[in-house]
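Derivation of every value follows stated rules applied to the coordinates shown; laboratory data play no part. Computed from a prediction, not measured in an experiment: that's the story for all the values here. Here the Cβ positions follow ideal geometry from the backbone for every residue, glycine too, while neighbour counts run over all protein chains shown.
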Amino acid sequence: MGLLDRILNKSKEAKIVTLGVSGAGKTTLIRYMETGEAVMEAPQMTLGIDIREKGIEVGNWQLQAIDVGGQDLYKNTLWALGVTQSDGVIYIFDGTVRPENNERFQESQFSFEYMLSIVNPKTPLLILVNKQDLEDENPISTAEAMEIYELAKLAGRSFNIIEGSAKFGDGIEIGLEWMINKIGER
Ligand SMILES: Nc1nc2c(ncn2[C@@H]2O[C@H](COP(=O)(O)OP(=O)(O)O)[C@@H](O)[C@H]2O)c(=O)[nH]1
Ligand SMILES: [Mg+2]
């Protein structure tokens with residue numbers, strides 16, 4: 001959308017941050033949202049914080065994404081910064097991580113709990129159970145995610161959970177529409 005269109009259509013702007021363990025698909029999701037095309041090339045590992053220039057159009061909204069590295073160093077320093085700069089949070093679970101993968105599952109649980117501790121309950125929180133396209137790896141469903149990450153404790157938060165694929169974009173649009181509606185209500 002051009003500048004004039006944006007003024008005439010009163011396009012609204014918001015910032016969102018993607019969080020989740022390293023490799024969950026944060027950067028892939030942002031690439032998908034920016035281009036609307038399948039992300040066939042694996043992104044380079046995100047170092048530090050990347051405030052994206054390219055906007056994401058959803059309806060008459062322009063979203064700007066903040067991408068943050070998932071490694072502990074960044075988690076402990078930059079996630080909270082990203083959260084304070086954002087109107088909404090997209091938290092990504094790597095759907096191929098199951099409780100049987102003890103170490104990875106523990107890291108995933110821990111990182112999720114940490115996110116909850118730094119995100120205001122009123123901030124719209126979209127949870128993506130990612131990598132559903134990897135059928136051979138039997139990714140967890142939203143129902144399984146609700147159970148293993150004990151998502152009943154999110155009652156009272158502004159949250160939504162979807163299954164999808166950051167790589168191919170399945171399920172993403174519905175999630176983003178929910179997000180802009182919630183941001184618009186605030
Ligand atoms: N098959 C598949 N691979 C994905 C998906 N999302 C991310 N990946 C892959 O997972 C790896 C890590 O993705 P990346 O976006 O860099 O994760 P980040 O560390 O959270 O930013 C890359 O090889 C991606 O191609 C997905 O939905 N499906
Ligand atoms: Mg990344």
Going Cα to Cα from Lys54, which lysines come in below 28 Å? Please leave out same-chain ones fewer than 8 positions away.
Lys10, Lys12, Lys15, Lys26, Lys75, Lys122, Lys131, Lys167, Lys182
Of the listed peptides 102-113, 157-168, what is their order by residue-averaged count of other C-beta atoms within 10 Å, with the highest listed first?
157-168, 102-113
In which sequence would Asp136, Asp170 go, from the one with the fewest C-beta neighbours within 10 Å to the one with the most?
Asp136, Asp170
Proportion of all alpha-carbon pairs of the chain beyond 29 Å (%):
16 percent
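Arrange Met146, Met179, Met115 by Cβ neighbour counts within 10 Å, fewest through most, would you? Intermediate values should be presented prior to the final figure.
Details: Met146 16, Met179 24, Met115 20.
Final ranking by Cβ density, sparse to dense: Met146, Met115, Met179.
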Quick one: compute the contact order of the range 41-161, relative version, from alpha carbon pairs under 8 angstrom and 6+ residues apart, as a percent.
21 percent
What is the local net charge at Gln109, summed over the other residues whose Cβ is closer than 13 Å to its Cβ (Lys, Arg +1; Asp, Glu -1)?
-3
Part-to-part distance (alpha-carbon centres) for the range 23-49 and the range 90-150, which is given in Å:
17 Å
